[in-house]
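In what follows, a structure is listed as structure tokens, so that the remarks can point back to it.
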Ligand code: NDP
Ligand code: MG
Ligand code: MG
């Protein structure tokens, strides 16, 4: 059984005795900064010159300073800018301001695991990774609950990195739900694999393929949308509550039998073999290299793919349909329906 930690295992005063810099004020950044502040922690937000996020942070009463100044003032630096810019921010603004005994924190192990950031020896290196989008991390905290975190220590220079990481997790609400111990390598490789082959890559393309099959066979796109996308949430909620077993218990016998006989026709051994190929490219660093090389070139492949995928016919059908039903509407303020950003 994985090692788990709860509120009683963590001492909030550890992080309350430090000065924390949150670098970036996006999905995770705003949630960490606000939850820490509400837990009585000394927080400043580090942003680049002319940052669009600065006004939002300031509207919450947070102090916003340039990244280098935040790193200089703080002794715990949590990097919550996008993964592909972290190594540049680190090299230019953070590394020159690190002191022995400081701690550098991440919410995803990408840059450490693939060697894009190598902190000096005297510095603690830890990860506190909430297992939810930032807006959920904040919402749950405000409601008195928390999102589970996974926590890792890559470098324990002070001998106290673990207590510090657990204390940080408590301050953002993680130990209310429960914290699981992992390593940077395990978190990075499983996170990338999960999002690429199941959660995001697998699911998005499964839904698109199902929609294409139905509409190409002449069925109405609106009906296809309900059958392959809208109902997905109801199925996933059941899986989330009680596993695949609860989902199969709740659906009709017809659906359950169809699951057993047709599921393996679609998701066959070839799918698993290709998933192993995806995992191999993650482990070898090939995926990371491709992603970073594209980003460094101005993200031509990424932007082209984003545009092409946003143009899939299921999006127009869904957008139109959702505008007619009362259940529509994202609860995440920053998302603008129909935008690609
Ligand atoms: P976001 O894309 O939401 O971060 C945006 C923030 O980063 C903005 O404040 C933006 O400021 C700032 N930023 C962007 N580019 C730069 C730059 N070049 N220099 C300085 N600041 C910049 O990030 P996420 O919250 O999605 O991800 C942060 C980390 O958390 C990542 O390591 C990610 O893997 C991890 N994570 C994310 C999860 C999520 O829910 N999204 C879940 C778990 C982990 P500006 O206004 O200036 O553009
Ligand atoms: Mg991820
Ligand atoms: Mg049905």
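Among the residues of segment 189-220, those that are within 16 Å of ligand 3 (Cβ to nearest atom) and either within 23 Å of residue 289 (Cβ to Cβ) or in contact with a helix residue (DSSP H, G or I) (Cβ under 6 Å, 6 or more places away or on another chain) (or both) comprise 207, 210, 211, 214. Screening residue 45 against (1) crowded, with 24+ Cβ neighbours inside 10 Å; (2) touching a helix residue (DSSP H, G or I) at 6+ places or on another chain (Cβ under 7 Å); (3) within 19 Å of residue 174 (Cα to Cα) leaves a single unmet condition, (3). Residue-level check: of (1) in contact with a helix residue (DSSP H, G or I) (Cβ under 8 Å, 6 or more places away or on another chain); (2) within 19 Å of residue 133 (Cα to Cα); (3) assigned by TED's automatic domain parsing to the domain that holds residue 138, residue 167 misses just (2). If you filter segment 183-195 down to residues that are within 13 Å of ligand 1 (Cβ to nearest atom) and in contact (Cβ under 8 Å) with a residue 60 or more places away in the chain, you find that the one that is nearest to residue 276 (Cα to Cα) is 192. A count restricted to segment 261-276 and to residues that are farther than 17 Å from residue 210 by Cα and either touching a helix residue (DSSP H, G or I) at 6+ places or on another chain (Cβ under 9 Å) or within 16 Å of ligand 1 (Cβ to nearest atom) (or both) stands at 2. When the helices (runs of 4 or more DSSP H) confined to segment 219-266 are screened for residues that are under 24 Å from the mean Cα position of the chain (by Cα) and free of Cβ contacts under 8 Å to residues at least 12 places away in the same chain, those reaching at least 3 such residues are found at 232-250. Among the criteria (1) farther than 27 Å from residue 318 by Cα; (2) within 15 Å of ligand 3 (Cβ to nearest atom), the one residue 250 does not fulfil is (1).
The values are calculated or read from the model by the stated rules, or taken from the named source; none is laboratory data. Just so you know, these numbers come straight off a predicted model, no measurement behind them. Neighbour counts are summed over all protein chains in view; Cβ atoms, including those assigned to glycine, are modelled from backbone coordinates with ideal geometry.
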